Amino acid sequence: MIANLAQGVQAFTSNVYLVTGERTVLIDTGANFNVVDAVRERVDDIDAVVLTHTHRDHVGNLEAVETAFDVDAWGYDPSVDGVDHAIDDEETVQLGDHEYVALHTPGHKNDHLCFYSADAGVLFAGDLVFQNGSFGRTDLEEGDRQALIESIDRVLDVIDEELAEMHTGHGPSVSSQPYGHVELSAQMARQA
Ligand SMILES: [Zn+2]
């Protein structure tokens with residue numbers, strides 16, 4: 001089960017995905033809203049926090065979550081404050097009931113990761129791409145448009161055209177032809 005705990009929240013926050021199953025994981029913590037209560041409404045406990053990247057809107061609630069559930073956080077770069085354990089490029093990570101491959105995908109931020117499970121048919125895209133050909137902004141510190149384009153191309157190489165669901169760091173998830181949305185983002189990022 002994948003639930004977006006930030007759905008309908010009016011605050012400067014990213015989406016927050018609670019992935020339940022064998023290993024219950026929170027993907028990003030969001031910011032500026034009570035995510036701890038939102039987790040507790042659904043589950044008693046979580047096993048880990050996994051971060052797509054460490055922009056403020058994705059990690060603002062991290063300390064509150066770590067304290068409330070006594071959990072550690074995993075991310076690409078453990079030298080960043082709050083990241084306890086490293087996930088390397090192409091490392092396998094269990095989220096819920098499925099194994100996902102982590103894809104280091106810089107361009108929006110240096111420590112950006114996407115997570116893909118061919119089994120589940122699911123991509124967690126973070127702020128790399130969004131629905132309808134949108135893509136992560138590259139005008140912030142560590143932003144790099146060429147790197148972003150290469151990261152999108154890499155994700156397109158790895159994911160299956162039959163991808164069932166894409167869950168993004170902002171905006172709605174895509175469950176109708178998400179592969180086409182990623183292709184469009186690759187085109188749009190080149191034109192902008
Ligand atoms: Zn971001």
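What follows is calculated from the coordinates using simple rules that are stated; it is not laboratory data. Computed from a predicted model, the values in this text were never measured in an experiment. All Cβ positions, even for glycine, are placed from backbone atoms using ideal geometry, and neighbour counts span all protein chains on display.
Quick look at the numbers
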item: For the stretch 115-192, alpha-carbon Rg relative to the globular expectation (2.2 N^0.38 Å, N residues); result: 1.00
item: Calculated from backbone phi, Karplus (6.51, -1.76, 1.60) coupling profile of the stretch 65-71 in Hz, x at Gly/Pro; result: 5, 4, 5, 5, 10, 6, 10
item: Which of Y100, Y76, Y179 has the fewest Cβ neighbours within 10 Å, and the rest in rising order; result: Y179, Y76, Y100
item: Relative exposure of S79, S14, S173, judged by other C-beta atoms within 10 Å (fewest first); result: S79, S173, S14
item: Antiparallel bridges, percent of DSSP beta bridges restricted to the stretch 2-191 (to nearest 5); result: 65 percent
item: Stokes-Einstein translational diffusion, the stretch 2-191 - Kirkwood Rh over all Cα pairs, 0.890 mPa s, 25 °C, in µm²/s; result: 152 µm²/s
item: Estimated [θ] at 222 nm from DSSP helical runs (n ≥ 4, -39500 (n - 2.57)) normalised by residues in the chain, nearest 500; result: -7000 deg cm²/dmol
item: Local electrostatic count, E99, Cβ distance below 11 Å [Lys/Arg +1, Asp/Glu -1]; result: -3
item: Only Lys, Arg (+1) and Asp, Glu (-1) charged, at Cβ; the chain dipole about Cα centre in debye; result: 800 debye
item: Neighbour-count ranking [beta-carbon atoms within 10 angstrom, fewest first] of H108, H85; result: H85, H108
item: Over the stretch 99-150, volume per residue of the alpha carbon convex hull, in Å³; result: 72 Å³
item: In the stretch 26-101, GluC sites (Glu not before Pro) in a DSSP loop with at most 10 other beta-carbon atoms within 10 Å; result: E41, E90
